[in-house]
Every structure is written in structure tokens, then in C-alpha cells.
1. Name, by its number, the condition in (1) within 14 Å of the chain's Cα centre (by Cα); (2) modelled with pLDDT of 85 or more; (3) buried (at least 18 other Cβ atoms within 10 Å of the Cβ) that does not hold for Lys31.
2. Could you please tell me which pairs satisfy a Cβ distance under 7 Å, a separation of 6+ or placement on different chains, a first residue in the range 66-85 that is part of a helix (DSSP H, G or I), and a second residue that is among the aromatic types (Phe, Trp, Tyr)?
3. Does Ala85 satisfy the condition of being loosely packed, with under 11 Cβ neighbours inside 10 Å and under 11 Å from the mean Cα position of the chain (by Cα)?
4. Condition check: among the aromatic types (Phe, Trp, Tyr), over 15 Å from Gly93 (Cβ atoms), free of Cβ contacts under 8 Å to residues at least 60 places away in the same chain and surrounded by 14 or more Cβ atoms within 10 Å (Cβ to Cβ). Does Phe59 satisfy that?
5. Residue check: is Gly56 in a loop (DSSP other than H, G, I, E, B) and at pLDDT 95 or above?
6. Identify the single condition in (1) at pLDDT 85 or above; (2) surrounded by fewer than 12 Cβ atoms within 10 Å (Cβ to Cβ) that Thr99 does not satisfy, given that it satisfies every other one.
7. Which residues, counting only those in the range 86-96, are within 11 Å of Phe59 (Cα to Cα) and not in a helix (DSSP H, G or I)?
Amino acid sequence: MLRQFFQKSVQPLLRSRWLSANTNGAEGELKLTKILKERFPNAVTINVEDISGGCGAMFQVNIESSDFNGKRLVAQHRMVTEALAEEVKQMHGLRISTTVPSESNKG
């Protein structure tokens, strides 16, 4: 009975997710990293970590980029959210940390 419920109710939901049973959190990390590298080519650091236990439902994103120079924190986070707009639609959560490189890290 439980098996039938799982097959009829839960498995279709897993298949419809952006990072379904066919992929894992590590693949999601790579996908998000690629998108962010394209959007922030001047970034000193881009780190994406699946913090959902590997299912790809929640990520922590850390970016250090001169693209954020002179922008308020809310604007910086909006830039990241806009870059990941399609992917964010499929997530349960996204933690964003942005910084501007110090003078010693530039170049």
C-alpha cells in the first residue's frame, strides 16, 4: 500500500523537480556556478554549496566581485537573484553572501 502511494504520488513529484532523482546537488552546484561565472566574469570568488543535503532544493552562494562596487547589499543580492531567476523558481531557498574585493585581492 505504501509502495503504491509512493509510486503514484511521490515519484512524479521527484521527476518534475529541477534537480530530480536523475541529478544531484553537486550537478546543481556546477550549473549555478557556471551561470554565475558568466554573469560575474570579474568575480574573485564564486562558491556554490548545496545545503539541502544533496537534493538541490537549497543553496548557499558566496560571490566576491568588483561588479558589486558602490552598490548596496540589497542591490548586490538582487543582481545574483536575477542571474539565477529561472533556477530560483525551482528552489526552496537560496542564501546569498556578496562582497567587494579588498584592494589586496584585486588584479
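The values are calculated or read from the model by the stated rules, or taken from the named source; none is laboratory data. Because the structure is a prediction, the values reported are computed rather than measured. We place every Cβ from the backbone using ideal geometry, glycine too, and count neighbours over all the protein chains shown.
1. (3) is the only condition that Lys31 fails.
2. Here the result reads Asp67/Phe40; Gln76/Phe68, each pair linking the range 66-85 to a residue that is among the aromatic types (Phe, Trp, Tyr).
3. Working: loosely packed, with under 11 Cβ neighbours inside 10 Å: yes; under 11 Å from the mean Cα position of the chain (by Cα): yes.
Judged against the criteria, Ala85 is a match.
4. no
5. In short, no.
6. (2)
7. Residues satisfying the conditions are Met91, His92, Gly93, Leu94, Arg95, Ile96.
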